Amino acid sequence: MNSKESLRFLEILDSLEKQRKSVKILTIISLIPVSLPFILLLSEEYKIYASYSVYLSFFLTAGLLLFTGNKRKVYNKQFKKNVIQYCIDQFFDDVKYYPDYGIDEHTVFSSSMIVKGNYFESEDLITGTYKNVPFSQSDVRIQHRQAKSSFYKRLDIFTGRWMVFKFNKNFVCNLQVSEKGFFGYKKGKDVSGERLYSIKLENEAFNREFRVNCKDIEEAYYILTPQMMDRMLVLREKTKGKLMFCFMNNSLHIALNNGKNSFEAPVFKRIDLQDIVKETYEDLALITDFVNSLNLDNKLFKM
């Protein structure tokens, strides 16, 4: 980045910081009407109006939050377009970033690893190649939403990172490896409706932490070598959140249910480029960690 580009980037950061402060103030202001009924309750003269003020405070808060939400979307979009894109370009040589898109619903559920809700959201798609292994990854949220009057009752099934790595070979069977305690895990059948069998492996530590389901037991032993199981256990220890792996066709799906939405713009703390770069690198390092730790560029995953 030359001096002219650096100056332009600093101007963008300054503009984003002003947007952040505006969104912060609006967020605080939008919550003020909630206190109106409580203030009236403390006043003997206006106490009788407290119950009516509940409706007024509700509509005022809803309107202000909607206005603030739209402002925040604009700010968040500009933040990703400039700051996150800058971080990604520094981390990878050849990747593409699509903040408004994500891994599609069909791809996620084709793994047959996760229970379907009635709400699906995906964003922050990154595609590229690392060590000759093509990958795509995005944030994914799966929920079951139950309407109840004017409110939603939401059950989070999955919130986290979904990654897909492509290889130059087809796996004979669908092989699913899921960390125990993974809420929303779907077991028993693959996407074609064929039954998957639960198996135990010789590694007792692995059996305690993971469940394994597959159609072809020999293929499972071929993929889940002692070295591969050890690597998965190491990843489990160093990764926050529950893990699932699905080997199918010529792809490896890795789902990390960590309850985190990546690359979001800060609101209540100032934009510190050094901190943001550090946090973004930690998020992006998940991709390289999985390739390196699982040794995905070795001959096991090639023709």
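Details
- Tally, over the stretch 10-26, of residues that are of a type in the set (A, V, I, L, M, F, W, C), surrounded by fewer than 16 Cβ atoms within 10 Å (Cβ to Cβ) and over 17 Å from Val277 (Cβ atoms): 1
- Positions within the stretch 96-117 being crowded, with 17+ Cβ neighbours inside 10 Å, among the aliphatic types (A, V, I, L, M) and more than 15 Å from the chain's Cα centre (by Cα), in sequence order: Met113
- Options Ile84, Ile142: the member that is under 26 Å from Gln19 (Cα atoms) and not acidic (Asp, Glu): Ile84
- Scanning the stretch 130-142 for residues that are modelled with pLDDT under 90 and surrounded by 15 or more Cβ atoms within 10 Å (Cβ to Cβ) yields Tyr130, Val133.
- Filter pass, Ile84 being surrounded by 19 or more Cβ atoms within 10 Å (Cβ to Cβ) and either out of contact with any helix residue (DSSP H, G or I) (no Cβ under 7 Å at 6 or more places or on another chain) or part of a strand (DSSP E or B) (or both): no
- Exclusive hit being outside any helix (DSSP H, G or I) and buried (at least 20 other Cβ atoms within 10 Å of the Cβ), set Leu256, Leu201: Leu256
- Asn174 falls short on exactly one of the conditions (1) surrounded by 19 or more Cβ atoms within 10 Å (Cβ to Cβ); (2) within 28 Å of Cys87 (Cα to Cα), and that condition is (2).
- Tabulated pairs, the stretch 207-235, first more than 19 Å from Leu256 (Cα to Cα), second assigned to a helix (DSSP H, G or I), C-beta under 7 angstrom, 6+ apart or interchain: Cys214/Ala220
- Neighbours by Cβ (under 7 Å, 6+ apart or cross-chain): first from the stretch 149-169, charged (D, E, K, R) and part of a strand (DSSP E or B); second loosely packed, with under 12 Cβ neighbours inside 10 Å and modelled with pLDDT under 90: Lys153/Gln146
- Close pairs from the stretch 6-20: first closer than 18 Å to Lys269 by Cα and modelled with pLDDT of 90 or more, partner of a type in the set (Gly, Ala, Ser) and surrounded by 15 or more Cβ atoms within 10 Å (Cβ to Cβ), Cβ under 8 Å, at least 6 apart: Leu16/Ala265; Arg20/Ala265
- Total residues in the stretch 40-51, condition surrounded by fewer than 12 Cβ atoms within 10 Å (Cβ to Cβ) and either touching a helix residue (DSSP H, G or I) at 6+ places or on another chain (Cβ under 8 Å) or modelled with pLDDT under 55 (or both): 6
The values are calculated or read from the model by the stated rules, or taken from the named source; none is laboratory data. All of these numbers come straight from a predicted model, not from anything done at the bench. Every residue, glycine among them, receives a Cβ derived from its backbone with ideal geometry; neighbour counts consider all protein chains shown.
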